[in-house]
1. Roughly speaking, what is the stretch gain from ASP85 to ILE141, that is 0.36 nm per residue apart minus the C-alpha to C-alpha distance, in nm to one decimal?
2. Which ³J(HN,Hα) values in Hz, rounded to whole numbers, follow from the phi angles of region 8-21 under the Karplus curve 6.51 cos²θ - 1.76 cosθ + 1.60, where θ = phi - 60° and Gly and Pro get x?
3. In the chain, carbon and sulfur make up what percent of the accessible area (probe 1.4 Å)?
4. In sequence order, what are the phi-derived ³J(HN,Hα) couplings for region 82-94 according to the Karplus relation 6.51 cos²θ - 1.76 cosθ + 1.60 with θ = phi - 60°, rounded to whole Hz, with x for glycine and proline?
5. Place a point 7 Å from the Cα of GLN111 along the Cα-to-Cβ direction; which residues of region 1-34 have their backbone N under 19 Å from it?
6. Per-residue ellipticity at 222 nm for the chain, helices alone: DSSP H runs ≥ 4 residues times -39500 (n - 2.57), over residue total, nearest 500 deg cm²/dmol?
7. Whole-Hz Karplus ³J(HN,Hα) for region 95-111, in order, using 6.51 cos²θ - 1.76 cosθ + 1.60 and θ = phi - 60°, x for Gly and Pro?
8. Dividing the Cα radius of gyration by the Kirkwood radius, what Rg/Rh value follows for the chain?
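The values are calculated or read from the model by the stated rules, or taken from the named source; none is laboratory data. In this text, all values refer to a predicted model and were calculated from it rather than measured experimentally. Glycine gets a Cβ as well: all are built from the backbone with ideal geometry, and neighbour counts include every protein chain shown. Note: areas computed on protein heavy atoms with side chains; ligands, DNA, RNA excluded. Shrake-Rupley method; radii C 1.70, N 1.55, O 1.52, S 1.80 Å.
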Amino acid sequence: MPHSYVSSLVHCVFSTKDRRKIISPQLQERIWPFLSGIARQNGMKALAVGGTDDHAHILLSLPAVMPLSKAIQLIKGGSSKWIHDNFPAQRSFAWQEGYGAFSISISHAQQTVAYIQTQKEHHRRKTFEEEFLSFLEKHGIEYDENHVLG
């Protein structure tokens with residue numbers, strides 16, 4: 001076979017440094033499309049982007065040659081720089097160092113898109129911390145409760 005065909009869908013979740021609630025609704029209107037643009041410029045597809053005032057979700061389709069850690073580095077680094085350059089009041093903005101990344105089957109893609117698009121409603125019932133721990137448990141990822149959320 002002369003070509004590689006890959007379906008690699010990953011639901012990525014990352015928070016602001018110290019989970020500070022600094023992504024205002026006005027910033028969200030601009031940052032979510034910007035994250036999608038970073039993905040597109042780097043050969044990825046952002047199938048959904050959303051979040052709340054202290055964290056982001058992005059459903060990425062990764063190309064065969066893109067390591068997950070590189071994808072996250074490009075998205076977080078590029079968006080931090082853009083915020084610093086375009087929003088002088090946000091010069092202290094930073095994403096937390098770590099992230100969560102959870103593989104998604106194509107049969108769950110639309111459900112994941114809907115989940116990301118309804119973050120505001122979802123977080124009326126569940127905190128980011130509760131949400132993130134539930135992802136770890138659902139995916140069978142071991143963690144130390146004293147260190148997982150920094």
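1. Details: separation 56, 0.36 × 56 = 20.16 nm, distance 3.64 nm.
Full extension from ASP85 to ILE141 adds 16.5 nm.
2. 10, 9, 9, 8, 9, 9, 8, 10, 5, 4, 6, 6, 5, 7
3. Details: 4460 of 8770 Å².
After summing per-atom areas, the C and S share lands at 51 percent.
4. 4, 4, 4, 6, 10, 10, x, 6, 10, 4, 8, 4, 7
5. 8-13
6. On the way: 5 runs with 60 residues, N = 150.
Taking each H run of at least 4 residues, the total per residue is -12500 deg cm²/dmol.
7. Couplings: 8, 5, 4, x, 6, x, 9, 10, 5, 10, 7, 4, 5, 10, 4, 5, 5 Hz.
8. On the way: Rg = 15.3 Å, Rh = 16.0 Å.
Across the chain, the Cα-based Rg/Rh ratio is 0.96.
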